[in-house]
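Here the structure is laid out as structure tokens; the discussion comes afterwards.
The values are calculated or read from the model by the stated rules, or taken from the named source; none is laboratory data. Just so you know, these numbers come straight off a predicted model, no measurement behind them. When we count neighbours, we look across all protein chains shown, and the Cβ atoms used for this are built from the backbone with ideal geometry, even at glycine. Heavy atoms of the whole protein, side chains included, go into the accessibility calculation; ligands, DNA and RNA do not. Shrake-Rupley method; radii C 1.70, N 1.55, O 1.52, S 1.80 Å.
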Amino acid sequence: GGWRMSAAYVGSRGNHLLRRYEANQFPNPTRTADGTLFFPRDASNTPIFGINPNFGSITIISSDAQSFYNALQISLNRNVGSRFSVGASYTWSKSVDDSSVGHTTNTGQFGLDRLMDRGSSDFHIPHRLALNYFITAPFGKGQPLLSEGAAAKVLGGWRLNGIVNVRKGAPFSAGSNVRYTGYLFAAQRPDLIRSEEHTSELQSH
């Protein structure tokens, strides 16, 4: 029906990207049976591994972060007669990384394990749709109206166009900042889901 269509795959991978983390944040954690890391609630009497109480902060800038981007891009275009054209483009994508902000600010739960922070990029937009149109005014030379004379020169050659962009919102991470005894700094987000048993116990009280 006169439509022009194109489809493409776009992918990229970033290696040796910069990330920044706090190296003086935690004592050495233990790993539980399900593989998660456990940090004692009160670390004041915990043997210290890697933490230096003489410093408030030790910032490390490392170049071991990674990023992954995959996208399907589809575009459609069509001319309707000699005066009207319409087009659409759609992108379905996924962007994942270890650190979206790089080394500009302290991020991360536990800097020694960068994979704990792997997830959707801060700028990840999974769906993007763009629509555009062009309409040539019916005036001027070669057009059905006012094709001659001064009016044709003034009103002819004009085009009306428009672009509409629709996209899904960016991801959001819930934050927290709870300090415990023996820790110099606090984690930036929760990483455990409250068990039903614990929830029932709280409700009973």
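Below is a table of values for the structure above.
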| item | result |
| --- | --- |
| Rounded, prolate or oblate (a/c below 1.5 giving rounded, otherwise prolate when a/b exceeds b/c) for segment 49-136 by Cα gyration tensor | prolate |
| Summed side-chain charge close to S120 - residues other than S120 whose Cβ falls under 12 Å, Lys, Arg +1, Asp, Glu -1 | -1 |
| Nonlocal amide H pairs with D122, under 5 Å, H built at 1.01 Å | S100 |
| For A71, net neighbour charge (Lys/Arg +1, Asp/Glu -1) across residues whose Cβ lies under 10 Å away | +2 |
| For G157, net neighbour charge (Lys/Arg +1, Asp/Glu -1) across residues whose Cβ lies under 13 Å away | +4 |
| Where T104, T36 fall by accessible area, highest first, once all protein chains stay in place (1.4 Å) | T104, T36 |
